[in-house]
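One structure below.
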Amino acid sequence: MGIGMILSKLRSFEHPKVFLEQYNTDPEVAEKLFNHIILRSKLDDLVVADLGAGTGILDIAALILGAKFVYFVEKDKEAIQLLKENLEMFNYSNFQILEEDVSNFRIPVNLVVMNPPFGTKQKHIDRAFYDTAFLISSEIYSITKTSTEDFVIRYAMKHGFSGYVLQRMRHLIKQQFYFHKSKTRFIDVSLMYFKKNEKKEK
Ligand code: SAH
């Protein structure tokens, strides 16, 4: 059984906030992202930060897969309430929840996982996420809209990171914002990996 089954039991946003671009990562997408992560890293040794943790699916996946310690960083109180309820389903204590803007989070970690706002309603809202990620970690996994892959890869390059597309997939969005016409819709997302470039020896 994959972890997607467990993740599908988590509570998701009840009243997603448009201005914060709250979308829950689909459990299947989260499972795929972590399949890529565990191919490269042994989570037992790693401290992980989830930027814009929302109701917590990504860092909860990290906990299930044995991460040493995780930080949930989220500025929305209601999301944090749901996140806490989700954590109560488990017995973990190796985590910390920080109610703050990702721009203020400056604790160095081994890995960042994030599904930042896509910037569809508020241009460049995702910049603060990438800026923080590039400062605190040398390895980052993120979910982005496929149409912005090139932009984020170029943005990463400017910060001394190489970016790679791990997988492209359809992401089912169930939550309803008033501007969505159909009941469910799909967006094309890309699972991305960024690694800090090694400094060249002189
Ligand atoms: N990581 C969750 C939620 C993704 S939606 C998941 O994958 O399901 C993006 C989240 O970022 C929302 O919960 C939103 O409240 C939060 N957010 C948006 N801007 C933020 C900021 N500047 N600082 C902290 N959290 C932010």
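The values are calculated or read from the model by the stated rules, or taken from the named source; none is laboratory data. Note that this is a predicted model, so its numbers are computed, not measured. Positions of Cβ are backbone-derived with ideal geometry, glycine not excepted, and every protein chain shown enters the neighbour counts.
Of all residues in region 8-22, how many are outside any loop (DSSP other than H, G, I, E, B) and either more than 7 Å from the ligand (Cβ to nearest atom) or within 15 Å of LEU172 (Cα to Cα) (or both)?
Taking region 8-22 first, the residues outside any loop (DSSP other than H, G, I, E, B) are 18-20.
Now restrict to residues that are either more than 7 Å from the ligand (Cβ to nearest atom) or within 15 Å of LEU172 (Cα to Cα) (or both): 18-19.
Of the residues in that region, 2 qualify.
Looking across region 56-77, just one residue is under 19 Å from LYS9 (Cβ atoms), in a loop (DSSP other than H, G, I, E, B) and within 14 Å of the ligand (Cβ to nearest atom), and that is GLY56.
Here's a check for you: in region 44-55, which residue that is away from the ligand (no atom under 12 Å from the Cβ) and touching a residue at least 60 places away in the same chain (Cβ under 8 Å) is farthest from the chain's Cα centre (by Cα)? Before the answer, list the steps.
Just the residues of region 44-55 that are away from the ligand (no atom under 12 Å from the Cβ), to begin with: 44-48.
Add one more test, that the residue is touching a residue at least 60 places away in the same chain (Cβ under 8 Å), and what stays is 45-48.
Values: ASP45: 19, LEU46: 16, VAL47: 14, VAL48: 11 Å.
My answer is ASP45.
I'd like to check something: does region 81-90 contain any residue that is modelled with pLDDT of 95 or more, surrounded by 23 or more Cβ atoms within 10 Å (Cβ to Cβ) and closer than 18 Å to LEU10 by Cβ? Yes, the conditions are met somewhere in region 81-90. Within region 109-133, restricting attention to residues that are free of Cβ contacts under 8 Å to residues at least 60 places away in the same chain and out of contact with any Gly (no Cβ under 6 Å at 6 or more places or on another chain), the residue that is surrounded by the most Cβ atoms within 10 Å (Cβ to Cβ) is TYR130.
Being polar (S, T, N, Q) and more than 22 Å from LEU7 (Cα to Cα) holds for only one residue in ASN86, ASN115, ASN110, ASN91, and it is ASN110. Looking only at residues of region 94-126 that are of a type in the set (S, T, N, Q) and in a loop (DSSP other than H, G, I, E, B), we find that the one that is nearest to the ligand (Cβ to nearest atom) is ASN115. Annotation for region 59-66: at least one member residue is modelled with pLDDT of 95 or more and loosely packed, with under 15 Cβ neighbours inside 10 Å. On the given criteria, is MET5 farther than 28 Å from LYS123 by Cα, out of contact with any Cys (no Cβ under 7 Å at 6 or more places or on another chain) and free of Cβ contacts under 8 Å to residues at least 40 places away in the same chain? So MET5 passes the test.
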